[in-house]
Amino acid sequence: MKIRKKLIALLTAVTCTVPTLAFTAACDGGAGDHQFNVLAVKESTVKDYNEMPVFKKLNEETGKDVHWTFKTSSQYSQNSDPVSTRGIDAIYHAGFSNLQLSNYGKRKRIVAIDEHLDSMPNFKRILDSRPDIKEALKSPDGHIYSLPRVEEMGLKQYPNILFINKTWIEKLIDTNNLPANVSLEKADLVDGLDLSRAEFKALLQKFNTVDMDGDGKVGAAGNEIPLAYVSGNWQGNESDLIASFGVPENIEHKTIVNGQVKFTVEDEKWFNAFQELNGWYKDGLIRATNYTRDQDEFLAYGQDGRYGAFYWWEKETVVKKDLQDNYIIVLPLKDDDGNRYVGVSNELEVEKSECVILSTCKDVNGLLSYFDKFFEPDYSAQLNYGSIESGAFKAEKENGMLIPNDEHGNQSADDFRMQNAPYGVVYLTDEVWDKTVKMESRARTRLDRLEAYVKPYSYAGATNIPNLNYTENELKELSTYEMSLGGNIRTQMMKWLQATSTPQKSEWTNFLSQNQASINKIKEINQNAYDRYLEALK
């Protein structure tokens, strides 16, 4: 899931890039003489879709000769108008924004898929049985211009779990060097460790000043990183650290609380977080690398157990296998009143814009009937994890269910999926997990961890913002206001964090006054769209 999301993040970035020169050359690899040619955004490490057993099987079963050509995300981002690419009938992993979908659809450059549902019995059945999905996929004119990715696991709303290095704490216990305000015994060092934010900070201070790895170096000169995360990343970010001050934080600073759209930046507790974290930064407990490293660099550096504590999706990705037992889960940090809070992410389990069909396609119904097979459970599973032939699943079903193969030799599960799974258009819901595909073990483990150690502390009344159906004018306004506000918030956060003196409340009130018009407009647009969404579901 993490690797897939990284791809989605790259594709999302495409929608914000508008080079001056449009790319119109033929796709890499050459289309040749085929019934359909589909452009996919694919990194070089991923196997050729044309050679993947799942696509060969799809071609055979549907009787369609579909040929895949490719661009890397970097190459794709150079094209300001990918719909103009010659010789293709569809774009897979299109990554278009809501505004782009609306504009391309309005200009008849991509197909209104809802006008061809007679060719898509699987997709039509989904839309009929799931009005929430149907509503989420609509553009302002009421049409559906893209095929979605639906993967419902209950994981994405909580993308952060806090892990701490128990072996380092054991060393402090053994040397009688625990902080004065921390009373721990080795028996306490199990998943669900109960720490206040003050106790956690005190442990980080020890991680920063004691030679935890025995190399003779401490602080900035050492290999140890007291607390690691990837700022602003979709997973493993600082949101839950900020939430511990009493706000329903996420990376967008925007959420719904008891039916009302809220911005966390308007809550003084949000500013209080930066007043305190400024001291953490000056003391070296939070490092600049948390704001400069991307997630690949974060994962690479953590493999050898150099992190005192870190936020991430799961420890198994961050730390190599023989060191994973060194880390345990910390409950969301208690505030001074003994309360715990985590926010709710706006990452969605129904994602638009996975595939669009170009209006120049000569047989729209034929190509859509091919893509309709993607929504069948067996195909969705293999598209998401890798084919049966590749070893993603056991060769034989058990009680009619596909069983994931969790062992891939020396290759990690993420690396295996990156090479063998095309991701994209899938339909994996609770019903599928119950009847057709067994959820992979690491996903089940993470669900168990969230249920035990994270979800009980979700901010009261907080829910994520669903896929909302904006009007055309609202989309245009959001594209203007959100981009500027997001940059302003990020800039101010960094100023406060790195300030040489403690930030003052007047700085926060000034920040709000300068950005209040944008905040109010974004809230108004989202509230109106959310109210319409609820009304439509009735």
Original post:
Of the residues Ser484, Ser518, which is among the polar types (S, T, N, Q) and in contact with a Phe, Trp or Tyr (Cβ under 6 Å, 6 or more places away or on another chain)?
Top reply: Ser518
Subject >> Meets criteria (surrounded by fewer than 24 Cβ atoms within 10 Å (Cβ to Cβ) and of a type in the set (S, T, N, Q)) for Ser129 >> reply: yes
Original post:
Of the residues that make up region 498-518, is at least one touching a strand residue (DSSP E or B) at 6+ places or on another chain (Cβ under 8 Å), surrounded by 15 or more Cβ atoms within 10 Å (Cβ to Cβ), within 30 Å of Arg287 (Cβ to Cβ) and of a type outside the set (S, T, N, Q)?
Top reply: no
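Taking region 190-213, which residues are of a type in the set (D, E, K, R) and within 11 Å of Lys334 (Cα to Cα)?
Kept after step one, since they are of a type in the set (D, E, K, R), are these residues of region 190-213: 191, 194, 197, 199, 201, 206, 211, 213.
The answer is Asp194, Arg197, Glu199.
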**OP:** Among the numbered conditions (1) free of Cβ contacts under 8 Å to residues at least 60 places away in the same chain; (2) open to solvent by less than 50 Å² (accessible area, probe 1.4 Å); (3) not in a helix (DSSP H, G or I), tell me where Met153 comes up short.
**Re:** (1)
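Can you tell me which residues in region 60-81 are without any contact (Cβ under 8 Å) to a residue 40 or more places away in the chain and polar (S, T, N, Q)?
Let us first name the residues in region 60-81 that are without any contact (Cβ under 8 Å) to a residue 40 or more places away in the chain, namely 60, 63, 65, 67-68, 72, 74.
Hits for region 60-81 are Thr72, Ser74.
Among what's in region 389-404 and is farther than 16 Å from Tyr49 by Cβ and open to solvent by less than 50 Å² (accessible area, probe 1.4 Å), pick the residue that is nearest to the chain's Cα centre (by Cα). Break it down into steps so the answer makes sense when it comes.
Step one: of region 389-404, the residues farther than 16 Å from Tyr49 by Cβ are 391, 393-404.
Keeping just the survivors that are open to solvent by less than 50 Å² (accessible area, probe 1.4 Å) gives 391, 393, 400-404.
Numbers: Gly391: 26, Phe393: 24, Gly400: 31, Met401: 27, Leu402: 26, Ile403: 25, Pro404: 22 Å.
Among those that are farther than 16 Å from Tyr49 by Cβ and open to solvent by less than 50 Å² (accessible area, probe 1.4 Å), it is Pro404.
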**OP:** From Glu185, Glu224, grab the single residue that is of a type in the set (Asp, Glu) and in contact (Cβ under 8 Å) with a residue 24 or more places away in the chain.
**Re:** Glu224
**OP:** Could you please find all residues in region 193-231 being of a type outside the set (A, V, I, L, M), within 15 Å of Asn326 (Cα to Cα), assigned to a loop (DSSP other than H, G, I, E, B) and open to solvent by less than 20 Å² (accessible area, probe 1.4 Å)?
**Re:** Glu224
Original post:
How many residues does region 338-357 contain that are closer than 25 Å to Lys47 by Cβ and over 19 Å from the mean Cα position of the chain (by Cα)?
Top reply: 2
Original post:
Looking at (1) touching a residue at least 60 places away in the same chain (Cβ under 8 Å); (2) polar (S, T, N, Q); (3) surrounded by 18 or more Cβ atoms within 10 Å (Cβ to Cβ), which is the only condition Ser84 fails?
Top reply: (3)
Original post:
Within region 298-337, can you find the residues that are open to solvent by 20 Å² or more (accessible area, probe 1.4 Å) and of a type in the set (Val, Ile, Thr)?
Top reply: Thr317
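Those residues that are farther than 28 Å from Tyr158 by Cβ, assigned to a helix (DSSP H, G or I), in contact (Cβ under 8 Å) with a residue 12 or more places away in the chain and not aliphatic (A, V, I, L, M), I need them from region 464-506; list them, please. So that I can check it myself, show each step before the final result.
Keep residues of region 464-506 that are farther than 28 Å from Tyr158 by Cβ, which gives 471-477, 479-480, 484, 495, 498-506.
From the residues that got through so far, the ones that are assigned to a helix (DSSP H, G or I) too are 472-477, 479-480, 484, 495, 498, 505-506.
From what is left, the residues that are in contact (Cβ under 8 Å) with a residue 12 or more places away in the chain are 472, 474-477, 479, 484, 498, 505.
Scanning region 464-506 gives Glu472, Glu474, Lys476, Glu477, Ser479, Ser484, Gln498, Lys505.
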**OP:** Of all residues in region 232-288, count the ones that are hydrophobic (A, V, I, L, M, F, W, C), in contact with an Asp or Glu (Cβ under 9 Å, 6 or more places away or on another chain), more than 20 Å from Gly338 (Cβ to Cβ) and assigned to a loop (DSSP other than H, G, I, E, B).
**Re:** 2
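Matching residues to (1) farther than 27 Å from Lys455 by Cβ; (2) open to solvent by 20 Å² or more (accessible area, probe 1.4 Å):
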residue	(1), (2)
Ala243	no, no
Thr255	no, no
Glu266	no, yes
Trp270	no, no
Tyr281	yes, yes
Asp296	yes, yes
Original post:
For Ala452, are the conditions met, namely being farther than 22 Å from Ser244 by Cα, assigned to a helix (DSSP H, G or I) and open to solvent by less than 70 Å² (accessible area, probe 1.4 Å)?
Top reply: no
Original post:
Has region 301-314 got at least one residue that is without any contact (Cβ under 8 Å) to a residue 12 or more places away in the chain, out of contact with any Lys or Arg (no Cβ under 7 Å at 6 or more places or on another chain) and either within 19 Å of Asp194 (Cα to Cα) or of a type in the set (Phe, Trp, Tyr) (or both)?
Top reply: no
Subject >> Selected residue (only one of His67, His34 is assigned to a loop (DSSP other than H, G, I, E, B) and in contact with a strand residue (DSSP E or B) (Cβ under 8 Å, 6 or more places away or on another chain)) >> reply: His34
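Run down Gly391, Gly409, Gly424 and say which single residue is in contact with a Lys or Arg (Cβ under 8 Å, 6 or more places away or on another chain) and assigned to a loop (DSSP other than H, G, I, E, B). I'd like the intermediate steps shown before the answer.
Working: Gly391 fails: in contact with a Lys or Arg (Cβ under 8 Å, 6 or more places away or on another chain); Gly409 fails: in contact with a Lys or Arg (Cβ under 8 Å, 6 or more places away or on another chain).
Sole residue among the options that is in contact with a Lys or Arg (Cβ under 8 Å, 6 or more places away or on another chain) and assigned to a loop (DSSP other than H, G, I, E, B): Gly424.
The values are calculated or read from the model by the stated rules, or taken from the named source; none is laboratory data. Computed from a prediction, not measured in an experiment: that's the story for all the values here. Please note: Cβ atoms are built from the backbone with ideal geometry, for glycine as well, and neighbour counts cover all protein chains shown. We work out accessible area using only protein heavy atoms, side chains counted, and drop any ligands, DNA or RNA first. Shrake-Rupley method; radii C 1.70, N 1.55, O 1.52, S 1.80 Å.
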